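Q: One structure is given below, represented as structure tokens, and several questions about it will come after.
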Amino acid sequence: MQHTLADLKATLDQARMGREMYRLMETLYPICRSLTGNGVRETLAILQRHIPLDVHEIPTGTPVFDWTIPREWNIRDAYIKNANGERVVDFQQCNLHVVQYSVPIHTRMQLADLKPHLHTLPEHPGRIPYRTSYYHENWGFCLSEAQLQSLPDERYEVRIDATLQDGHLTYGEYVLPGESPDEILMSCHICHPSLCNDNLSGIALTTCLAQALTPLSRRYTYRFVFVPATIGPIAWLCLNEPRLSSIKHGLVVSNVGDPGPLTYKKSRRGDAEIDRAVMHVLQHTGTASTLVDFVPYGYDERQYCSPGINLPVGSLSRTPNGGYTEYHTSADNLDFVQPQALADSLYHYVSVLHVLEGNITYVNQSPKGEPQLGKRGLYRTMGGPAGDHQRELALLWVLNLSDGQHSLLDIAERSGLPFETIRTAADNLLPHGLLKSGC
Ligand code: ZN
């Protein structure tokens, strides 16, 4: 018999999965990704070793809703050399040193003229900031405040060997068909260079989750989308607009590797099934978690939840963007993320999907009086341990509320019992013909 999400949840080897996701992040860490360009292609090619995702290319200039696909940016080298010809700022050492989408430049200038193009973080003098200038033509370097302070006032050679020209925007997509054409969407952004929690953790979790779901039997169809932030989901939504009604639930995956507690940002709707499923899982998880309402700021849920789209897409993360000082700096590195945090995040994603997969509405086939459970071996004849009581309580709740109007998640919420207990009760009743699928 083919395994299901319930089996995956029950047998998930968190230590092994944590190591695998972390190893994938180590592989992807050195690559200079951006909104477009070869770094994204190289990243997607590495992911293809894990899942057979389709790579799509959208030409520069393509209109997508109110936006236009930008020119493609590729960088080979960049540096600032001092008067002795030594590289004092070197892209080869750290790809955060260059402002993303910098136009090419090769010139010499005094420190005072160079300074407007240098970006630091004075409040964290040891860290290199991450800066972009996607939609405004510019160039610049990022370095630590400590390094800036150490630069003598002399003439520097400045070079950014990059190209900004017509090309493509690249994104990846992997679809796992299920019994139903109804879809669950998982989306992560793929446009950050050497940054771990934001955003390699999301790429690693999405990839390993897709890999783990591949051999399972699935009720839903799963669609995994790997896109550059903002313009990526906008382009994807524009190209797929006729199909969007198939998407029944969705999650944006980001910031899932830091040691902080889990955070769920609700969809714009706020009461969608995905919102209730995540909230239910977090409520029964036994650890602290934070719940936040939708705000039109953050990651790509902004696009999926724009008013003309309004998909039921939330975001399950650990510490959200901007909630940690390492965010968008060189300190968001491989030391900041932890395999066990990645594994814990993955377990909660699997738990949420388990709820969605199993959340079916049934109709009690013996609704006049309680059916006699004892004669079917479903009810103990003598008092037993507390676990038995909960199991029996779950049977009674499922029988009582399965009137075609209440799904198993409704019953879990109403009874206060974990979804898993309610799902198991339904699974025990089904072979006795006491339940029939209602819709
Ligand atoms: Zn970011």
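Please treat every number below as a calculation from the coordinates, not as lab data. These numbers come from a predicted model, not from an experiment. Glycine also receives a Cβ, built like all others from the backbone with ideal geometry; neighbour counts cover every protein chain displayed.
Q: What is the total of Lys pairs in the chain with C-alpha atoms under 27 Å apart, excluding same-chain pairs fewer than 8 positions apart?
A: 10
Q: Note the angle between two axes, namely the Cα long axis of helix 419-429 and the longest principal axis of the Cα atoms of the chain, as a number of degrees from 0 to 90, rounded to the nearest 10.
A: Here the helix axis deviates by roughly 40 degrees.
Q: Can you give the relative contact order of the chain as a percent, counting alpha carbon pairs under 8 Å and 6+ residues apart?
A: 17 percent.
Q: Going by how many other beta carbons lie within 10 Å of each one, how would you line up CYS208, CYS196, fewest first? Write out the running numbers ahead of the final one.
A: Numbers: CYS208 21, CYS196 25.
Starting with the residue having the fewest Cβ neighbours, the order is CYS208, CYS196.
Q: Taking the Cα centre of the range 287-439 as the origin and placing charges on Cβ (Lys, Arg +1; Asp, Glu -1), which of GLY387, VAL355, GLN372 is farthest toward the positive end of the dipole?
A: Checked the options; the winner is GLN372.
Q: Suppose the Debye formula is applied to equal point scatterers at every Cα of the chain; what is log10 I(q)/I(0) at q = 0.07, 0.11, 0.12 Å⁻¹?
A: Here log10 of I(q) over I(0) equals -0.41, -0.87, -0.99.
Q: Another question, then. Hey, fewest Cβ within 10 Å first, where do VAL99, VAL175 land in order?
A: Details: VAL99 22, VAL175 14.
Ascending number of Cβ neighbours within 10 Å: VAL175, VAL99.
Q: Output wanted: per-residue J couplings in Hz (rounded whole) for the range 286-295, from phi through Karplus 6.51 cos²θ - 1.76 cosθ + 1.60, θ = phi - 60°, x for Gly and Pro.
A: Calculated HN-Hα couplings, in order: x, 10, 5, 8, 10, 10, 10, 6, 4, 10 Hz.
Q: Ranking request for peptides 346-357, 122-133: highest mean number of other beta-carbon atoms within 10 Å first, then the rest in descending order. Intermediate values should be presented prior to the final figure.
A: Values: 346-357: 22.5, 122-133: 16.4.
Per-residue mean Cβ counts within 10 Å order the peptides as 346-357, 122-133.
Q: In the chain, what percentage of the DSSP-assigned beta bridges are antiparallel, given to the nearest 5?
A: Working: 41 of 65 bridges.
Roughly 65 percent of the DSSP beta bridges within the chain come out antiparallel.
Q: Something else now. Evaluate the relative contact order of the range 162-296 (contact order divided by residue number), counting alpha-carbon pairs under 8 angstrom at least 6 apart; express in whole percent. Write down the numbers at each step before the final one.
A: Details: 191 pairs, mean separation 40.5, N = 135.
So the answer I get is 30 percent.
Q: Quick one: angle between helix 273-283 and the longest Cα principal axis of the chain, in degrees between 0 and 90, rounded to 10, please.
A: Relative to the chain, helix 273-283 is tipped by roughly 90 degrees.
Q: Would you calculate, for the chain, the mean residue ellipticity at 222 nm contributed by helices, counting each DSSP H stretch of 4 or more residues as -39,500 (n - 2.57) and dividing by all residues, to the nearest 500? Show your work: numbers first, answer last.
A: Values: 13 runs with 134 residues, N = 439.
The helix contribution divided over the chain gives -9000 deg cm²/dmol.
Q: Give me the percent relative contact order of the range 72-165, please, defined on Cα pairs under 8 angstrom at least 6 residues apart.
A: Working: 200 pairs, mean separation 42.3, N = 94.
Relative CO of the range 72-165 lands at 45 percent.
Q: Sticking with this structure for a sec: Please give the charge dipole size of the range 253-391, origin at the Cα centre, charges +1 on K and R Cβ atoms and -1 on D and E Cβ atoms. Round to the nearest 20 debye.
A: Working: 12 positive and 14 negative charges, 169 e Å.
About 800 debye.
Q: Could you tell me which residue out of PRO296, LEU409, HIS168 lies farthest along the dipole of the chain toward its positive end? Charges go on the beta carbon: Lys and Arg +1, Asp and Glu -1, centred on the Cα centre.
A: LEU409
Q: Could you give P(r) for the range 158-277, binned at 5 Å from zero, as whole percent values over all Cα-Cα pairs?
A: In order of increasing distance, the bins hold 2, 9, 17, 21, 21, 15, 7, 4, 2, 1, 1, 0 percent.
Q: Count the net charge of all other residues whose Cβ sits under 13 Å from the Cβ of GLN48, scoring Lys and Arg as +1 and Asp and Glu as -1.
A: -1
Q: Can you tell me the mean projection area, over all orientations, of the convex hull of the range 94-146's alpha carbons? Units nm², please.
A: Working: hull surface 16.0 nm².
That works out to 4.0 nm², a quarter of the Cα hull's surface.
Q: Assign unit charges at the C-beta atoms only (+1 for Lys and Arg, -1 for Asp and Glu), then state the dipole size of the range 72-165 relative to its Cα centre in Debye, rounded to the nearest 20.
A: Numbers: 9 positive and 12 negative charges, 9 e Å.
I would put it at about 40 debye.
Q: Helix 38-47 against the longest principal axis of the chain: what's the angle in degrees, Cα atoms only, rounded to the nearest 10?
A: Computed tilt is about 30 degrees.
Q: Starting from the Cα coordinates of the range 361-437, work out the convex hull volume and express it per residue in Å³.
A: Values: hull volume 6.3 nm³, N = 77.
Expressed per residue, the convex hull around the Cα atoms of the range 361-437 is 82 Å³.
Q: To make sure I understand, if each residue's beta carbon is the centre and we count other beta carbons within 10 Å, what order do ASP335, ASP113 fall in, fewest to most? Present the calculation step by step, with values, prior to reporting the outcome.
A: On the way: ASP335 9, ASP113 13.
Fewest-to-most ranking of ASP335, ASP113: ASP335, ASP113.
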